[in-house]
1. On the basis of being among the β-branched types (Val, Ile, Thr) and under 25 Å from A:Gly69 (Cα atoms), does A:Thr188 make the cut?
2. Which residues, counting only those in segment C:40-66, are farther than 14 Å from C:Ala294 by Cα and within 11 Å of chain B (Cβ to nearest Cβ)?
3. For B:Trp136, which of the numbered conditions (1) under 20 Å from B:Val26 (Cβ atoms); (2) surrounded by fewer than 21 Cβ atoms within 10 Å (Cβ to Cβ) fails to hold?
4. Out of segment A:1-18, which residues are surrounded by fewer than 10 Cβ atoms within 10 Å (Cβ to Cβ) and among the aliphatic types (A, V, I, L, M)?
5. Would you confirm whether any residue within segment C:61-73 is aliphatic (A, V, I, L, M) and in a helix (DSSP H, G or I)?
6. For segment C:82-95, how many residues are surrounded by 24 or more Cβ atoms within 10 Å (Cβ to Cβ) and either at the interface with another protein chain (Cβ under 10 Å from one of its Cβ atoms) or assigned to a helix (DSSP H, G or I) (or both)?
7. Residues that are more than 19 Å from A:Leu145 (Cβ to Cβ) and touching a residue at least 40 places away in the same chain (Cβ under 8 Å), at least 1 per element: which helices (runs of 4 or more DSSP H) completely within segment A:15-127 meet that?
8. State whether the residues of segment B:119-135 include one that is among the hydroxyl-bearing types (Ser, Thr, Tyr) and assigned to a helix (DSSP H, G or I).
Amino acid sequence: MSLLQATFQWLTDPSHWQGIDGIPTRIGEQVHLSIESVAIGAVIALPVGIVLGHYGRFGTLAINISNVGRAVPSFGILVIAFQVFGLGDLPIVIALTALAVPPMVTNTYVALREVDPDVKDAARGMGYREFAQVLRVELPLAVPLIMAGVRTSAVQVVATATLAALIAGGGLGRYIVDGLARSDYPRTLAGALLVAALALSTEFLLAGLQRVLVPRGIRLLNAPASRRAGTFKTA
Amino acid sequence: MPSRLFLDLVDPWINWAWLSTHIPYVWAAVEQHLTLTVIALAGGLAIALPLGIAARRWTNLHLRPAALAVFGGFYTIPSIALFALLIPYTGLGTLTAEIPLVGYNVLILVRNVLVGLDAVPPDVIDAANGMGYRPWARLLRIELPLALPAIFAGLRVATVSTIGIVTITAVIGLGGLGQLILRGLIESFHTPLVVATVLCIVLALVADLLIAGVQRLAVPWARPA
Amino acid sequence: MNRIRGSYLLVAALATLAVVAAACGSTSTPGTASKGTVTVAGFNFPESSILANLYGEALAHDGYTVNYKLNLGTRTVVAPALSSGQIDIYPGYAASELEYYNHGAGEATSDPVATTAKLNTYLATINAVALTPSAAFDGNAYAVTKATATKYNLTKLSDLTPIAGQLVFGAGPECPTYKFCLPGLMSVYGLHFKQTLTLDTDGPATRAAFKNGSIQVGLVFSSDADLNALGLVVLQDDMHMIAADNVVPVVRTAIATDEVKTVLNKIDAGLTTADLVTMNGQVELLHQDADAVAMAYLQQHNYFS
C-alpha cells in the first residue's frame, strides 16, 4: 500500500476523528493558539501602527521593527520562552505573537500613511477632533490594508503553531512529531496535509471577511496587491 | 521537603566563560547556517528566474497560474513536516534540507519576478519594439533589468525568511545555529540558545543590508525600501 | 543604456552563481593515508552524542577518517539513514533496536546477549550488524518525585498498581505504542493511570512537567545523571518488564571489518552504567562538550597508550 493510500485511510478512519488526540481536537487547539496569538498581536501592533501612521513620524522605525521582527527565529523564541515559563501554552503564544506583530505594524503604518491628505484636511475643516478623525475618517479608509496585514499574520501564525508539539504542546504538529517518533508516516503526512489545509482555509476565510468589513465605497480604492506585506514564513 | 527541583534556575542567560572557549564551535554553526542559506537562495533564483521569464514569455502555456498554485501550495506546508516526509526518499543531509527551503524561495522570488515584469510600463515596451528589439532580446535586455528592484525586494524577503527556517533543519541533524538552539533545549542550557537566537537576528539584518547595498549599486535608479 | 547592460550582466552572473552553488551543495573531505571514511551518527540526546564520539574518536585514533552526524533525531530518522548507507555506525540499545526493526513484535527480553542475537537476524536483511553488547545499560526507568514516593510509600513499580488511577503519567510520543512502555505498564503491572500526557522522551518537557506537578510518574532513563538533583526516585522493575537496553554499536556490514569490530568491542567491554551516568552529568549538568567528555574518558582509561 502506498504512503498516500495509507494516509488517506488514516484520515478517513473514524477513530482519528474523536477523543483528545482526534483531528477536531487538534484543529481546535491549533486554531485556539492562533486566534489568541493574532489577537494579542493585534492589540500590540495596531495601536503602534495607527499612532506612527497618523503622525507620520518614525516611519523608518516602523519598517525596521518589522524587519527585525521577521529576522527573529520562531524556534529560538519558542525554546527561550519554554525555558522561562515551562510547560503550557504560554511559550508558543509568545513565539507566535512575536511572529504576528511585524506585518500588522507595517501594514497599519502604511495604511494610515496612505490616507489622502486632502481627506484629512477636509475632516479637520468639518471640525473633527483628532481622535474622531482617526476613528471615523482615517481608520475606515485604512481597513483594507490593515486587514491584509492581519491576514498575512494569521496565515503564518496558523502554519507556525505546528511548532508547539516540539515542546510537548498540542495542535496538529502533534501528529507530525508523534508520527516521526512512532515510525507512523501516514500520521505525519496527514498532519502536514491538515496544517496546509488549515492555512489555506485561513487565507480564504480572512479574504472573505476582509470583503465584508471593507466599506463598499472604499473597495474601489483598494490598494494594489503589491503593497501588501507578502506572506512570510519563519518555520 | 525543599528539594531543589531545577538546576537551570542558576543557569545564567549567557555564560561568558563557556562562550569564550566555544567560539570555533559557534563559528562552525554560523558557517553551516550561511552555506545552507546561500544554497537555498541560489537554488531558488536558479528556478524562479527562468520560470518567471518563461511564464512571461509564453503566456499561452499558463505557467503563471500553474507555478503560483504549485509553489503556493508547497509554501503552506510547514518545513518540519516536509523534512520529516522527505527523509525516506532523500535521506539526511543537504538535499532534504534544501528541497523545502528552495521551494519556499521559488514562490517568493517568482512572484516578485512577475510583479517586476508586469510593472514595466507599456510605453517602454513600445519604444523597444520601435527600436527593433525581438521579443527575447526585449525581455532580457529591457524588461528584466527594469524588474530588478522587485526581484531584489523578493531576494531580501527570501533571505531573511530562509535564515529563520534553516534553524528548523536541526531536526534532521543540520540546522547551523538551530543545532545550538536544539542543544539549549535538550540540556536546558541557556547560553547556546540565546547566542544562536541573537546571531540569527544579526545574520538576517546584515544579509538584508548587504543585499540592499548590492541593489543600490546595481539598480541605482530605484532606491531600496 | 550602459547601466541597463550592467544590470543584465548582473542577472546573468546571479543565475550562473545560482547554478554553480546548487551544484556544489555537499562538500567532501578526501582522506589522505586514511584507512577509510566512516560516518558515525547519534540520536538526539546527549548520551548518544557521547557514545558516538567514543566510537568515532577511537576509530580516528586507529587511522580512520571520521565524519559525525550527531543529534540526528529518533530511531525513525537514524535507522533508515543506516540502511541507505548515509551513516555507517550508531550507538544503539539492544532491546530498543530489536523492537524497532521487528516493528514492535515484543521479542526483546532482559537478556542482552539473546536480545542482540535476535536483533542481528533483522539487521542482516539491511546489511548491518550489532556487535557485542556492553555491560553499560540505559533502559527505560519510571520515576516519581520524592514527595510522591514518600506520600504513597513507593519503592517498586508494583507499589503503583493500587493508586495509579489517581496519578498522571508522562512520557514521549512513542510510549503509548511501545510494548515496554505504556502497554507493558498496563499488562504487566496493571497500571491504569488517570491520564497519560505526551511530552518528550526523558527530555526537558518531562522535567518541566514533574516540576509544575502536571505529572506524578514519568519515563526517564536509567543512566540519567540529574535524577537525584531533580528530586526524582526511580521505581524498581520488580516484575522484570524492562528489556535489555544495553549499549551496542550497530554497524553497516560493509564497514564492519575485524579491525573496526576490535576497536568498538574494546570500548564496550570497558564501559559501565556508572561511566554513562558520570559522562551524562558532565554534558547535561556541567555543559561540557560531548566530544571533549568522550576524549577525556578515552584518555583516562588508557585507550590511546
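1. Values: among the β-branched types (Val, Ile, Thr): yes; under 25 Å from A:Gly69 (Cα atoms): no.
Considered against the rule, which asks whether it is among the β-branched types (Val, Ile, Thr) and under 25 Å from A:Gly69 (Cα atoms), A:Thr188 comes out as no.
2. Those that are farther than 14 Å from C:Ala294 by Cα and within 11 Å of chain B (Cβ to nearest Cβ): C:Ala41, C:Phe43, C:Asn44, C:Phe45.
3. Checking B:Trp136 against (1) under 20 Å from B:Val26 (Cβ atoms); (2) surrounded by fewer than 21 Cβ atoms within 10 Å (Cβ to Cβ), the one that fails is (1).
4. Answer for segment A:1-18, where residues must be surrounded by fewer than 10 Cβ atoms within 10 Å (Cβ to Cβ) and among the aliphatic types (A, V, I, L, M): just A:Met1.
5. Pass one, segment C:61-73, residues aliphatic (A, V, I, L, M): C:66, C:70, C:72.
Filter again for in a helix (DSSP H, G or I), leaving none.
Scanning segment C:61-73 turns up no residue that is aliphatic (A, V, I, L, M) and in a helix (DSSP H, G or I).
6. Counting residues in segment C:82-95 that are surrounded by 24 or more Cβ atoms within 10 Å (Cβ to Cβ) and either at the interface with another protein chain (Cβ under 10 Å from one of its Cβ atoms) or assigned to a helix (DSSP H, G or I) (or both) gives 3.
7. It comes to A:23-55, A:74-85, A:90-113.
8. Taking every residue of segment B:119-135 in turn, none turns out to be among the hydroxyl-bearing types (Ser, Thr, Tyr) and assigned to a helix (DSSP H, G or I).
The values are calculated or read from the model by the stated rules, or taken from the named source; none is laboratory data. All of these numbers come straight from a predicted model, not from anything done at the bench. Every residue, glycine among them, receives a Cβ derived from its backbone with ideal geometry; neighbour counts consider all protein chains shown.
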